[in-house]
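See structure below.
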Amino acid sequence: MRGHFETVCRKDKKRVPSYQKDLKTSKKVRLVESTETKSELHTEATDSDKTYYAFYSGNKSNIITCCVGGVNQDMLVDSGADCNLITPEVWNKLKNAGVKIHSSVKGCARKLKAYGNERLLDVTGTFVADICVGRRSVKAEFFVVNGRQQCLLGDETSKQLGILKVGVDVNQVTKVMKPFSKISGIQVQIFTDPEVKPVFQPLRRIPIPLEAAVKTKLEQLLSRDIIEVKIGPTSWVSPLVVVGKTNGDVRLCLDLRRVNEAVLRERHPMPVEDEYLARLGRKMIRSKLDIREAFLQVELETESRDVTTFITSLGLFRFKRLPFGLVTAPEAFQRIMDEILTGCEGTYWYLDDVIIEGATVEEHDSRLNEVA
């Protein structure tokens with residue numbers, strides 16, 4: 001019975017047949033206690049009072065395959081054991097398989113006994129061998145014990161092998177920034193008035209507490225393929241404007257007012273709000289899509305990137321995508337949306353907002369799949 005110990009049993013021991021008493025010596029070891037001998041008491045005064053336990057509850061879900069001296073062997077990971085136990089049968093198996101050991105000793109100076117039982121376990125000897133699990137390998141001592149107990153892998157060895165862990169690890173997860181998506185096959189060209197003289201604007205200092213956040217933001221924009229380092233001479237240079245957020249993050253903006261004075265607008269017709277709403281039907285099933293960072297999904301032609309050059313304390317950068325704040329950006333993006341979505345029935349759009357409607361669920365889903 002689990003939790004039942006012979007030494008505290010209230011049952012009359014005289015009524016227990018002698019043959020049952022003999023069978024108790026062959027029971028599986030549930031707990032193992034290790035007691036130092038008198039000759040070892042001089043090492044530390046507290047060693048004689050210390051008790052070592054090895055617990056085996058019969059649960060085999062914690063069994064792991066280890067390599068003991070070059071031979072694979074299943075061991076039960078026991079967080080309550082301070083010693084490693086091996087049965088004589090397993091020891092003979094290891095020797096027949098050519099196990100490599102560092103040393104071996106017959107008998108044992110340490111006394112082991114089952115928890116709740118004063119009878120000492122029969123330790124025939126000990127040996128020291130390398131044990132490895134995965135890529136980790138340590139030198140460990142094993143006790144060869146007679147009986148039908150499970151081969152146990154003790155607490156100390158399990159921790160050295162990294163099988164057992166006490167404490168909480170705080171793992172640092174590094175987020176790998178992938179290039180931001182872009183509309184394939186489309187590039188936007190920015191035209192400027194040649195009579196307008198390019199302007200070089202000086203660096204605007206940012207608050208010292210925001211410097212680290214600005215640096216992180218610039219590194220993210222670089223890794224997302226939104227901006228690039230400007231190399232070589234440049235004509236236009238705009239200052240960077242940093243806006244702090246309540247969550248501690250920052251928003252990077254460009255002061256493109258001087259650039260916008262030279263940019264030639266496309267003058268693409270923009271939808272009127274009243275006309276946009278009048279086209280929507282009644283009693284229709286609708287879905288609204290919002291394009292994430294819409295302008296940044298439009299790539300700029302290489303020749304048009306210099307006008308977006310901006311200056312920071314880390315150097316000069318320029319946009320590879322259509323930046324916010326450029327006077328012609330909304331018109332260019334609306335033109336691209338017109339080219340892409342024209343012909344899609346039941347679909348209406350204004351810049352990055354797209355509405356899809358249908359009279360039935362099937363019609364709505366069909367149109368939504370077409371747009372998506």
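The values are calculated or read from the model by the stated rules, or taken from the named source; none is laboratory data. This is a predicted model, so every value here is computed, not measured. As a convention, Cβ positions derive from the backbone with ideal geometry for all residues, glycine included, and neighbour counts pool all protein chains shown. Keep in mind that these areas ignore ligands, DNA and RNA; they rest on the heavy atoms of the full protein, side chains included. Shrake-Rupley method; radii C 1.70, N 1.55, O 1.52, S 1.80 Å.
Close contacts from the stretch 119-143, counting a first residue that is buried (at least 21 other Cβ atoms within 10 Å of the Cβ) and a second that is β-branched (Val, Ile, Thr) and not in a strand (DSSP E or B), with Cβ to Cβ under 6 Å and a gap of 6+ residues or different chains, come to Ala140/Thr157. Across the stretch 204-216, the qualifying residues are those that are within 16 Å of Lys245 (Cβ to Cβ) and out of contact with any Ser or Thr (no Cβ under 9 Å at 6 or more places or on another chain), and the one among them that is surrounded by the most Cβ atoms within 10 Å (Cβ to Cβ) is Ala213.
Residue-wise test of (1) of a type in the set (D, E, K, R); (2) outside any loop (DSSP other than H, G, I, E, B); (3) touching a Leu at 6+ places or on another chain (Cβ under 8 Å).
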site	(1), (2), (3)
Lys288	yes, yes, no
Arg292	yes, no, no
Arg318	yes, yes, no
Pro323	no, no, yes
Val327	no, no, yes
Pro330	no, yes, yes
Arg335	yes, yes, no
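Highlighted here are the strands (runs of 3 or more DSSP E) found entirely within the stretch 77-164 that include at least 1 residues which are closer than 23 Å to Asn62 by Cα: 84-86, 111-114, 123-133, 136-145. Within the stretch 222-243, the set of residues being part of a strand (DSSP E or B) and either open to solvent by less than 50 Å² (accessible area, probe 1.4 Å) or among the hydroxyl-bearing types (Ser, Thr, Tyr) (or both) comprises Ile227, Glu228, Val237, Ser238, Pro239, Leu240, Val241, Val242. All told, Glu293 meets the bar of being touching a residue at least 12 places away in the same chain (Cβ under 8 Å) and out of contact with any Gly (no Cβ under 8 Å at 6 or more places or on another chain). Taken together, Glu219, Glu273 contain a single residue that is out of contact with any helix residue (DSSP H, G or I) (no Cβ under 6 Å at 6 or more places or on another chain) and surrounded by fewer than 10 Cβ atoms within 10 Å (Cβ to Cβ), which is Glu273.
Just one residue in the set Arg292, Arg318, Arg335, Arg305 is of a type in the set (Lys, Arg), in contact with a helix residue (DSSP H, G or I) (Cβ under 9 Å, 6 or more places away or on another chain) and either open to solvent by 50 Å² or more (accessible area, probe 1.4 Å) or within 21 Å of Lys230 (Cβ to Cβ) (or both); that residue is Arg318.
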